[in-house]
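Presented below is the structure to which this report refers.
The values are calculated or read from the model by the stated rules, or taken from the named source; none is laboratory data. No experiment lies behind these values; they were computed from the predicted model shown. We place every Cβ from the backbone using ideal geometry, glycine too, and count neighbours over all the protein chains shown.
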Amino acid sequence: MKAFNDLADFSNEEIAAFIALANRLDAHPEPEALRGKVLSLLFLSPSLRTLASFQAAMTRLGGGSFVISPDMSIHGLETRPGIVMDGAAAEHIREAVPVIASYGDAIGIRAFAERKSLEHDMAEVEFNAMLDLIDTPYINMESAMGHPCQNLADWKTLDDLDIPANGGKFVLSWAYHPKALPLAVPTSTLYMAAKRGMDVTVLRPEGFQLPTPLMRKAIFAAEENGGSVRETDDRKEAMEGAHVIYAKSWSSTAHYGDKLGDHDLRENLIDWCVDEPWFESARDDCRFMHCLPVRRGVVVSEPVLDGPRSVVIPEARNRMLAQMAVLHQMLGGS
Amino acid sequence: MKAFNDLADFSNEEIAAFIALANRLDAHPEPEALRGKVLSLLFLSPSLRTLASFQAAMTRLGGGSFVISPDMSIHGLETRPGIVMDGAAAEHIREAVPVIASYGDAIGIRAFAERKSLEHDMAEVEFNAMLDLIDTPYINMESAMGHPCQNLADWKTLDDLDIPANGGKFVLSWAYHPKALPLAVPTSTLYMAAKRGMDVTVLRPEGFQLPTPLMRKAIFAAEENGGSVRETDDRKEAMEGAHVIYAKSWSSTAHYGDKLGDHDLRENLIDWCVDEPWFESARDDCRFMHCLPVRRGVVVSEPVLDGPRSVVIPEARNRMLAQMAVLHQMLGGS
Amino acid sequence: MKAFNDLADFSNEEIAAFIALANRLDAHPEPEALRGKVLSLLFLSPSLRTLASFQAAMTRLGGGSFVISPDMSIHGLETRPGIVMDGAAAEHIREAVPVIASYGDAIGIRAFAERKSLEHDMAEVEFNAMLDLIDTPYINMESAMGHPCQNLADWKTLDDLDIPANGGKFVLSWAYHPKALPLAVPTSTLYMAAKRGMDVTVLRPEGFQLPTPLMRKAIFAAEENGGSVRETDDRKEAMEGAHVIYAKSWSSTAHYGDKLGDHDLRENLIDWCVDEPWFESARDDCRFMHCLPVRRGVVVSEPVLDGPRSVVIPEARNRMLAQMAVLHQMLGGS
């Protein structure tokens, strides 16, 4: 495996194999599997779970990792192409990325979304510019529109909870947050649930529709796998019979890259905080998922987050297990 | 072993076993003992020795670790309970701590002392709030009133120096420092020396008495183990026949949480800098101990710190060895 | 081996053995060689390649490392001798360095050049002050005038490219940079190429002569090994028949420690940016080397840096391999 970039690159059988391997490694550790192997971890935006879970994953498999972030170079890393570097930054990613990659058997890259133009971000301009510089196996640790490690962990979490694939009702809900956040998690989570064959409802206010090409990609995956995708701004309708609600805030796509426009729309939506009344029409055992970090009392109420519906902690632990499976296959343990 | 939180949780025989194991691991390395095991390290306040010594300890035993500090999350970690998180911090310790713990086989936690109310800090409110969130085995890497890793390392250092348990004379002395520092090291060091059965003198100026309940805890441990505890502000009397002086600055307990009151008391005490004349009435070979970091020329004079009395470097190395013994027992190497 | 501090401490046969070992470890990994061994990494100035390549090297050999930088201590590390520490810094390197060293089987130290007095920096006052504090085996990860890991990697790179030792023509060229940079890389690179027996030309503008004692050291090494050393400010003459140009900016030695004087000299030299026309009189396959980080369009033009002459990425990868050889010999793998 040369890349772990998008669940779309894998068949449902391959995904099932990743999850089976993750479960096996959880039950039967293999501390010799990746002896002496090195994973380079490059973070161009901050991280807690990804940082910790990848380091832990490599240690559990007998290898190791190192972490590089821009603040480790002198005055940061320059990313702009074709620039005369007479400013602060002393190093360009054109050198930093291939050098860092050359020290590892694989590299994990967390890029960032520029969030000026939706087309630009959907084209993954920054992330692909980095991939062009390397030929090492790589893992997408979050790009402008992708977060496959989160997606694989979430799929495993749904399996762990025995939430059915076909017939399972998955609500992806926008939630309030004071800032305009990237689209990586919502768009790739939508695809994940659709590819799993679930009946997916995107619940979001006006102005927060997910980008049409990514909706289409999800609809196609759902159709192929016996599921469905629809969207609504009607909370009650969306939650009807739901097995799970996956909450996440994201930027307005109607005002993408327009901070003020996004803010004006957003400030009237503070009631989009997932709370117990949302679950009235859902299944009694409807679960609450979130990729974390989550703002308490803003994105979700404390009673829901601390209550029995919430699976955010085992969901986060599945990040490590899912990544162990990916690393095991990528670095030759399997 | 589910917790390493306080020497009081262990019998003197169990402590002797830790130290014997530390010595064995120093002489006969076991780089396979903790193959593939992961220690999560969470630092809510800064660290150098603890950070380095735990990482080195896990590597020497064949496992690994990862480090998380609040600055790794976006805008820090929120710690206040019941808060609506509409400010800077994007993550609460209620999620961060159990997630970080879930990636490790054990977790080391360095909390902080709020230092507003002595009762609050003696109740270990912050540290216990974090323990409530996890069921992983844990190590106290310093809480408001505890520092058991330092205590075990110091006990080993006393053993290494052949300083007698019963009959050994241990002076715990307050020293000047421009800032009001936590009570964790002095209170837990007092207990350590008392539990070792030594004759302990707490030498401190007026206003810097250690909290009565912790004095009582130490007196009881001393009585049980053939030692004694007394306190004085008379330097000459305290140092009479001393085997060792353990210097440390700490906050005024008479003005706890009152920065100004502490400062007014403290500013007249700059002569509490351990210097050669202090040792006049001590044993010729009286040793100088300190947990580090130490301010030269402020807490202790350069000639004492750089001279033959000082054992601060081997004392700091014993941190690593003591922690190796704890990790070996906790994570199944033993 | 107790120290890896200067190529001058090793015979050419010993250097060849390091490189042969580096090649062997690249082709035939030894993930058990340094099981449970710890390398302490102390960075008193920032780093990216050195940080990453040493961590990766230890992991590949089955050991591990930990990283300490001054910002990990409270308010930084004090370095001034004999000071009363009543300011911000809470710890002195006199404690920090031996403690950090005591946790490792070896220590790598990156010091800094004070860059006030050339004599002071040539005497390696800061670096030697740290060495005086330890008796652990150590690796110079860059001092005021030395960078032996870079030198060994560069020697290997020249071997990899089949650039002849005797008869090989090596141009060490000054290049423009907005800041006055240390002399460690140019002076130690000069020595490396001379000791390899190459015909070395130092190409630099007036005011940027390398220090006379280090020129003499290089001339002596060249004479011993069948090479030569000369210097010039004539670009065309210097590049005549060159196999390789090694570009690097450095401080004016005529105005050492005089920021303004250096700046006045430097500001007229922005045409010292290595560009394709420089190569007119060189061999067709003349290579471009640089230790990185490099400022694009300032030190070197984009077409040269991105073109077939540039070997900066494999050169940087050789850092890891060269260091693996050093660590393997130092820590008992060999």
The lone condition A:HIS177 fails out of (1) more than 19 Å from the chain's Cα centre (by Cα); (2) in a loop (DSSP other than H, G, I, E, B); (3) crowded, with 18+ Cβ neighbours inside 10 Å is (1)
Please verify whether C:ILE163 is of a type in the set (A, V, I, L, M) and in contact with a His (Cβ under 7 Å, 6 or more places away or on another chain), treating the condition exactly as stated. yes
Taking the condition closer than 30 Å to C:LEU41 by Cα and in contact with a helix residue (DSSP H, G or I) (Cβ under 8 Å, 6 or more places away or on another chain), does C:VAL274 pass? no
Please specify each residue of the range C:18-34 satisfying the condition of being surrounded by 15 or more Cβ atoms within 10 Å (Cβ to Cβ) and either touching a Lys or Arg at 6+ places or on another chain (Cβ under 7 Å) or free of Cβ contacts under 8 Å to residues at least 24 places away in the same chain (or both). C:ILE19, C:ALA22, C:ARG24, C:PRO29, C:PRO31
Before we move on, is A:ALA153 closer than 30 Å to A:ALA96 by Cβ, modelled with pLDDT under 95, of a type in the set (A, V, I, L, M, F, W, C) and outside any strand (DSSP E or B)? no
Starting from the range C:212-224, keep only residues that are in contact (Cβ under 8 Å) with a residue 12 or more places away in the chain, then list their pairs with residues that are surrounded by fewer than 19 Cβ atoms within 10 Å (Cβ to Cβ) and of a type in the set (Asp, Glu) whose Cβ atoms are within a distance under 8 Å, requiring at least 6 positions of separation or different chains. C:MET215/C:GLU231
With respect to the numbered conditions (1) more than 10 Å from every other protein chain (Cβ to nearest Cβ); (2) under 29 Å from A:VAL294 (Cα atoms); (3) of a type in the set (D, E, K, R), which one is the sole condition not fulfilled by B:LYS2? (2)
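Take the conditions buried (at least 23 other Cβ atoms within 10 Å of the Cβ) and in contact with a helix residue (DSSP H, G or I) (Cβ under 8 Å, 6 or more places away or on another chain) and apply them to A:LEU133. Does it pass? If you could, list the steps in order and put the result at the bottom.
Numbers: buried (at least 23 other Cβ atoms within 10 Å of the Cβ): no; in contact with a helix residue (DSSP H, G or I) (Cβ under 8 Å, 6 or more places away or on another chain): yes.
No: the conditions fail for A:LEU133.
Residue-wise test of (1) outside the structural domain of A:LEU48 (by TED's automatic domain parsing); (2) under 21 Å from A:TRP155 (Cβ atoms); (3) at pLDDT 95 or above; (4) buried (at least 19 other Cβ atoms within 10 Å of the Cβ).
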residue	(1), (2), (3), (4)
A:VAL244	yes, yes, yes, yes
A:LYS248	yes, yes, yes, yes
A:ASP262	yes, no, yes, yes
A:ILE270	yes, no, yes, no
A:ASP285	yes, yes, yes, no
A:PHE288	yes, yes, yes, yes
A:VAL299	yes, no, yes, yes
From C:LEU305, C:LEU265, residue being part of a helix (DSSP H, G or I) and within 14 Å of chain A (Cβ to nearest Cβ): C:LEU305
If I filter the range C:131-145 for residues that are in a loop (DSSP other than H, G, I, E, B), within 17 Å of the chain's Cα centre (by Cα), free of Cβ contacts under 8 Å to residues at least 40 places away in the same chain and away from chain B (no Cβ under 14 Å), do I get at least one hit? no
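Taking the residues in the range B:88-111 that are more than 7 Å from chain A (Cβ to nearest Cβ) and closer than 16 Å to A:PRO46 by Cβ as candidates, determine which candidate is surrounded by the most Cβ atoms within 10 Å (Cβ to Cβ). Give the derivation first.
Going through the range B:88-111, the residues more than 7 Å from chain A (Cβ to nearest Cβ) turn out to be B:88-89, B:93-94, B:97, B:101, B:105-111.
Restricting the remaining residues to those that are closer than 16 Å to A:PRO46 by Cβ gives B:88-89.
Working: B:ALA88: 10, B:ALA89: 20.
It comes out as B:ALA89.
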Output the number of the condition that C:ALA123 fails; it satisfies all remaining conditions of (1) surrounded by 19 or more Cβ atoms within 10 Å (Cβ to Cβ); (2) under 19 Å from the mean Cα position of the chain (by Cα); (3) over 28 Å from B:ASP71 (Cβ atoms). (1)
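Take B:ASP271 and decide whether it is of a type in the set (D, E, K, R), over 30 Å from B:ASP26 (Cα atoms) and part of a loop (DSSP other than H, G, I, E, B).
yes
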If we keep only residues of the range A:62-81 that are more than 7 Å from every other protein chain (Cβ to nearest Cβ) and farther than 20 Å from B:GLY76 by Cβ, then the residue modelled with the highest pLDDT is A:SER65
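Residue check: is B:PHE10 over 29 Å from C:PRO70 (Cβ atoms) and crowded, with 16+ Cβ neighbours inside 10 Å?
Numbers: over 29 Å from C:PRO70 (Cβ atoms): yes; crowded, with 16+ Cβ neighbours inside 10 Å: yes.
When the stated conditions are applied, B:PHE10 passes them.
Any residue in the range B:74-87 that is surrounded by 24 or more Cβ atoms within 10 Å (Cβ to Cβ) and under 23 Å from B:ASP154 (Cα atoms)? Let's see the steps before the verdict.
We begin by selecting, within the range B:74-87, every residue surrounded by 24 or more Cβ atoms within 10 Å (Cβ to Cβ); these are B:77.
Okay, now just the ones that are also under 23 Å from B:ASP154 (Cα atoms), so none.
No, because not a single residue in the range B:74-87 is surrounded by 24 or more Cβ atoms within 10 Å (Cβ to Cβ) and under 23 Å from B:ASP154 (Cα atoms).
If you go through the range A:274-302 one residue at a time, how many are part of a helix (DSSP H, G or I) and touching a strand residue (DSSP E or B) at 6+ places or on another chain (Cβ under 6 Å)? Full working, then the answer.
Step one: filter the range A:274-302 for residues part of a helix (DSSP H, G or I), giving A:276-279, A:302.
Next, only the ones that are touching a strand residue (DSSP E or B) at 6+ places or on another chain (Cβ under 6 Å) stay: A:302.
Of the residues in that region, 1 qualify.
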Scanning the range A:10-48 for residues that are farther than 20 Å from A:PHE127 by Cα and among the small types (Gly, Ala, Ser), which turns out farthest from the other protein chains (Cβ to nearest Cβ)? A:SER11
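Pick from A:LEU51, A:LEU7: which is under 19 Å from the mean Cα position of the chain (by Cα), within 14 Å of another protein chain (Cβ to nearest Cβ) and not hydroxyl-bearing (Ser, Thr, Tyr)? Before the answer, list the steps.
Working: A:LEU7 fails: within 14 Å of another protein chain (Cβ to nearest Cβ).
After applying the criteria, what remains is A:LEU51.
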For B:ALA254, work out the one condition from (1) surrounded by fewer than 18 Cβ atoms within 10 Å (Cβ to Cβ); (2) closer than 28 Å to B:PRO308 by Cα it doesn't fulfil. (2)
Looking only at the range A:220-240, decide whether some residue is within 14 Å of chain B (Cβ to nearest Cβ) and not β-branched (Val, Ile, Thr). no
Being of a type in the set (Val, Ile, Thr) and within 10 Å of chain B (Cβ to nearest Cβ) is the filter here, so list the residues in the range A:271-299 that pass it. A:VAL294, A:VAL298, A:VAL299
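Residue check: is B:ILE219 closer than 21 Å to C:ARG94 by Cβ and among the β-branched types (Val, Ile, Thr)? Break it down into steps so the answer makes sense when it comes.
Values: closer than 21 Å to C:ARG94 by Cβ: no; among the β-branched types (Val, Ile, Thr): yes.
Judged against the criteria, B:ILE219 is not a match.
Conditions (1) touching a residue at least 40 places away in the same chain (Cβ under 8 Å); (2) at positive phi; (3) in contact with a Leu (Cβ under 7 Å, 6 or more places away or on another chain), marked per residue:
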{"residue": "C:ARG230", "(1), (2), (3)": "no, no, no"}
{"residue": "C:GLY257", "(1), (2), (3)": "yes, yes, no"}
{"residue": "C:ASP262", "(1), (2), (3)": "yes, no, no"}
{"residue": "C:ASP271", "(1), (2), (3)": "yes, no, no"}
{"residue": "C:ASP275", "(1), (2), (3)": "no, no, no"}
{"residue": "C:MET289", "(1), (2), (3)": "yes, no, no"}
{"residue": "C:VAL298", "(1), (2), (3)": "yes, no, no"}
